[in-house]
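For reference, the structure discussed in these notes is given below.
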Amino acid sequence: MRTALITGITGQDGSHLADLLLDKGYRVAGIVRRSSVDQSERIGHLLNRIEIHQADLLDESSLVKVIDRVRPHELYNLGAMSFVPASWEQPVLTGEFTALGVTRILDAVRIIDPNIRFYQASSSEMFGRVRQVPQTETTPFYPRSPYGVAKAYAHWITVNYRESYDMHASCGILFNHEGPRRGREFVSRKITDAVARIKLGKQQKLELGNLDARRDWGYAGDYVRAMWLMLQQDTPGDYVIASGRQHTVRELCELAFGHVGLDWQQHVVTNTNLLRPAEVDSLLGDASLARETLGWVPEVSFEQLVSMMVDADLVRVRREIAQA
Ligand code: NAP
Ligand code: G4F
């Protein structure tokens with residue numbers, strides 16, 4: 001039986017990846033940082049099928065102990081401070097988790113067993129003010145937030161450990177991916193949650209920032225499959241994972257409100273406080289390498305993704321109303 005260890009298992013991607021690996025017959029262990037409250041919202045359905053270990057990306061000795069205890073064949077490093085606006089509020093902590101945390105875990109792997117296959121959650125935010133359209137594995141980085149800068153460091157330290165220590169370490173440069181488990185502060189989920197609440201009479205208006213921002217959005221369930229495929233290759237590498245289609249935040253609003261028969265323009269108001277100090281205006285990925293080498297293709301379209309998220313939020317808000 002193969003064993004996988006996941007950092008960030010309580011997050012959106014960690015929970016989808018745990019689902020996938022359990023389906024494939026893996027023993028799955030996850031790293032969580034200690035909290036005084038329950039963090040199992042996304043993994044409640046699989047708590048009796050996974051192992052949970054406490055450690056923190058800020059503390060290398062805790063990572064060494066867990067890796068030694070679990071002895072994984074594959075380690076997926078998904079833990080990070082992942083919300084871009086928060087990275088301006090806490091730039092140093094973002095660097096500690098999202099940049100130096102990756103050195104700590106790579107070093108822990110090197111010490112315990114450098115044959116462990118390693119996945120790093122790189123991000124399209126590294127492309128920032130894009131130098132090429134569409135973006136590929138060779139497009140230069142120009143990050144536009146402390147988060148993007150931290151991810152660029154994390155990406156290169158992973159490449160460096162691969163080249164320095166001959167480790168099987170791969171980076172997935174993932175473009176935005178969403179789903180019903182997405183955190184409610186991210187724009188897709190903020191919109192679909194508001195659509196459900198407005199439809200059911202619990203909210204009137206939705207405040208948003210930049211409606212012109214363009215993103216290449218896909219479904220998280222499709223994207224975690226790409227992570228697993230990268231670690232099944234004979235040789236490690238870096239891969240762009242994207243849908244190859246781009247939409248504005250405005251179009252996302254139109255589609256989400258339209259799904260329940262509402263006119264988005266009656267409900268969305270812009271708030272300049274939600275604009276970012278430096279914006280990533282447009283991202284569009286070219287996943288040809290992943291398609292050709294990994295055989296990866298996304299299965300859920302943008303339209304299906306938005307419908308799935310609105311429907312899930314309608315079910316949840318209805319339940320909350322019934323329980324109130
Ligand atoms: P998410 O839902 O915000 O989950 C982040 C996870 O990281 C949570 O489990 C969180 O634990 C954990 N974490 C944060 N700080 C930690 C620390 N100091 N030690 C250990 N764990 C820590 O993010 P996601 O959307 O699943 O994204 C997964 C990864 O992919 C992240 O690295 C993100 O930056 C990257 N990424 C995401 C996207 C996307 O569109 N979703 C695109 C490209 C790259 P708590 O529950 O304790 O907070
Ligand atoms: O949903 P977002 O907050 O995602 P963002 O900043 O693109 O980052 C996400 O994707 C990255 C991959 O490219 C990940 F690495 C990262 O961890 C995260 O998962 O914002 C998307 C766009 C932005 O341009 C933002 O300015 O939506 C715009 N937007 C407009 N109004 C808003 C809002 N974003 C948020 N969160 N909230 C708003 O009210």
Legend entry - Boolean, residue 65 is closer than 22 Å to residue 232 by Cβ and more than 20 Å from the chain's Cα centre (by Cα): no
Legend entry - Condition check for residue 80: open to solvent by 20 Å² or more (accessible area, probe 1.4 Å) and touching a strand residue (DSSP E or B) at 6+ places or on another chain (Cβ under 9 Å): yes
Inset, instruction - For region 236-253, name all the residues that are open to solvent by 40 Å² or more (accessible area, probe 1.4 Å) and free of Cβ contacts under 8 Å to residues at least 40 places away in the same chain. - result: 246, 250, 251
Inset, instruction - Kindly indicate whether any position in region 254-262 is assigned to a helix (DSSP H, G or I), open to solvent by less than 40 Å² (accessible area, probe 1.4 Å) and over 21 Å from residue 148 (Cβ atoms). - result: yes
Inset, instruction - Of all residues in region 193-224, count the ones that are within 14 Å of ligand 1 (Cβ to nearest atom), in a loop (DSSP other than H, G, I, E, B) and small (Gly, Ala, Ser). - result: 1
Legend entry - Cβ pairs under 7 Å, 6+ apart, first in region 147-176 and modelled with pLDDT of 95 or more and hydroxyl-bearing (Ser, Thr, Tyr), second part of a helix (DSSP H, G or I) and within 16 Å of ligand 2 (Cβ to nearest atom): 147/87; 147/94; 147/98; 147/125; 153/99; 158/102
Inset, instruction - Go through region 283-310 and count every residue that is surrounded by 18 or more Cβ atoms within 10 Å (Cβ to Cβ) and either part of a strand (DSSP E or B) or without any contact (Cβ under 8 Å) to a residue 24 or more places away in the chain (or both). - result: 1
Legend entry - Criterion violated by residue 125 - all others in (1) in contact with a Pro (Cβ under 8 Å, 6 or more places away or on another chain); (2) over 27 Å from residue 16 (Cβ atoms) satisfied: (2)
Legend entry - All helices (runs of 4 or more DSSP H) inside region 83-192 with 3 or more residues being surrounded by 24 or more Cβ atoms within 10 Å (Cβ to Cβ) and not assigned by TED's automatic domain parsing to the domain that holds residue 251: 101-112, 146-165
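The values are calculated or read from the model by the stated rules, or taken from the named source; none is laboratory data. Please read all numbers here as calculations on a predicted model, not as lab measurements. Counting neighbours? That spans all protein chains shown, and the Cβs are built from the backbone with ideal geometry, glycine included. Protein only, heavy atoms only, side chains kept; ligands, DNA and RNA dropped before computing areas. Shrake-Rupley method; radii C 1.70, N 1.55, O 1.52, S 1.80 Å.
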